[in-house]
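Notes to accompany the following structure.
Just so you know, all these numbers are worked out from the coordinates, no wet-lab data involved. These numbers were taken from a predicted model, which means no experiment stands behind them. Note: ideal-geometry Cβ built from the backbone for every residue, glycine included; neighbour counts use all protein chains shown.
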Ligand code: RFL
Ligand code: PHB
C-alpha cells in the first residue's frame, strides 16, 4: 500500500492532521494500535484555547463544539479557604477558553474521517517505522489474529509520529540524534467523571493543606473532578465515597454545600510529568503532540500544544506538496519548540504553585501562600497568568 503521509496514532494529533491534510488533497492513512472505542474511552483534556477552536473550525469539525461547548471567561483560584476569580476576558482584552472534552473532539474528528471515507487502520499490532532518514519511508504492522494475522507495509513520503508518549516513533530515532528533557513530579491526579451538575459554572483550582483539587466539567450535567494523590495509590483505595469526602475537604464552605455527588462513570490516576524531546523532525519523520512533549495537566496545555504542532506540520506539508517551498518542513521543529517551552514553563510554574510537595513544608509553603496572595492582588501578575492560560500567540517574531 502507498500513501503520501503515514500517520501513526489516532489520538487528537493524528486525527486532526489527517483531516487538515485530506482537506488540502493530501493522501494519508492513519495506523492506530487500539480500537476506536478504546481511544474514545480515554477521558483527558477539557479546556481548549482559541487557537485550537480555530483549528477545529478550519478542519471543518467545529459545529458541535460551538453548540455544546461552554465558553469560559474566567476561573477561580481557591486558597486559604477563599476563592478569587481570575477574569480572563478583562485581563486579556476579551479572550476566553472553550470547555469541550477531548473525547468529543476525538469523536467529531473520527466521524468526519469516516464520512469522508478516509482510511484508518485500528487495532494494528507490532507497528514499526523504517527508512525515514533516507529517500523513502515505510510503516510495517500486523492486522488480524492467529490464522487471520497478516503483515502489511505502507510506503510513504513522510511519517507523522502522533503516537503519544509511549509510542513507537520517538523510540525509533537513533539515540544520538535526540535529546530528552524530563521532570517527574512526586504525586499524581486522581480524576473522577460523574453525571452530576458542576459545582460552579467556572473551573476552580484549589491549593489546600490536603493537596491540590480541581473542579471542572464537561456539560451542565456532567462534572470532572480531580484531587492530588500519591503516586503509589491504587484505584481500589479510592471508593466513590472516599473520593467525594476528600474533594469536599479541599473546598471552601460554600462549595462544600453546593457539591452534588453521585456514582462515578470513570475513575483514573495519572502521573504528572514535564518532558520535551528535541528536535521534532528526523528526515522524513515528524513528531507531534504527546509523542514529543508532555506537560502536567494543571495548565490545560497538552491538547492545545498538540493542536499547534499539527497546525505547523499541516501547513509545512501543504506548502511542500504545492511545490511552494520546504521552509515549513525545515523550520517545523524550531517553530514548535519555541511555543512548547513557554507552555512547559507555565505548566511547571502553575503545578509548583498549586500542589503540596512532600519536601517543601514550612518555607516552601509560605512562599506558595505569598505568591498566591500576590497573584490575585497584582493586576500584572494576574494578567501574566491569564495570558498564558488562554494561550500565547503562535509566533513571537524574530528570536
Ligand atoms: P494521545 O492522545 O496519547 O494519542 C496517541 C495515539 O497513538 C496511539 N499509539 C499507537 N498507534 C500505533 N502504533 C503505536 N505503537 C502506538 N502507540 C500509541 C495511542 O493508542 C493513541 O491513540 O496523543 P496526542 O494525539 O498527541 O494528544 C495529546 C493529548 O491527548 C494530551 O496532550 C492531553 O490529553 C493532555 N491533557 C490536557 N490537555 C489540554 O490541552 N487541556 C486539558 O485540560 C488537559 N487535561 C490532559 C488533561 C491529560 C490528562 N492525562 C490523563 C494525562 C487531563 C489529564 C488527566
Ligand atoms: C479537565 O476538565 O479535564 C481539565 C480542566 C483543566 C485542567 C486539566 C483538566 O487544567
How large is log10 I(q)/I(0) at q = 0.20, 0.21, 0.24, 0.27 Å⁻¹ when the Debye formula is applied to the Cα atoms of region 80-160, each weighted equally and without solvent?
-1.06, -1.10, -1.14, -1.16
Residue 37 versus residue 54, label points 7 Å from Cα toward the beta carbon: distance in nm?
3.9
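Could you give the C-alpha radius of gyration of region 280-359 expressed as a fraction of 2.2 N^0.38 Å, taking N as the number of residues it contains?
Working: Rg = 15.2 Å, N = 80, 2.2 N^0.38 = 11.6 Å.
With N residues counted in region 280-359, Rg over 2.2 N^0.38 Å equals 1.31.
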Along the Cα→Cβ direction, 7 angstrom out, place labels at residue 184 and residue 380. What is the inter-label distance in nm?
3.9
Taking the beta-carbon count within 10 Å as an exposure proxy, list 43, 340 from fewest neighbours to most.
43, 340
Nearest 0.05, what FRET efficiency do residue 326 and residue 87 give at R0 = 51 Å with Cβ-Cβ as r?
0.70
Need the full-extension length gain, residue 64 to residue 135, defined as separation in residues times 0.36 nm minus the C-alpha distance. One decimal, nm.
21.4 nm
Once every DSSP H run of n ≥ 4 in the chain is given -39500 (n - 2.57) and the sum is divided by its residues, what mean residue ellipticity at 222 nm do you get, rounded to the nearest 500 deg cm²/dmol?
-11000 deg cm²/dmol
Taking R0 as 45 Å and r as the Cβ-Cβ distance between residue 273 and residue 147, the FRET efficiency 1/(1 + (r/R0)^6), rounded to the nearest 0.05, comes to 0.65
Using the Cα atoms of region 252-399 to build a convex hull, what is its mean projected area in square nanometres?
13.4
A student asked for the Cα radius of gyration and Dmax of region 1-59 in angstrom ought to give 12.8, 38
Residues 216, 150, sorted so that the one with the fewest Cβ neighbours within 10 Å comes first
150, 216
Describe numerically, in nm with one decimal, the distance between label points set 7 Å from Cα along Cα→Cβ at residue 240 and at residue 260.
1.4
Residue order, fewest to most surrounding Cβ atoms within 10 angstrom, among 71, 47
71, 47
The Kirkwood hydrodynamic radius of the chain, taken as the inverse of the mean 1/r over all distinct Cα pairs, in Å, comes to 22.0
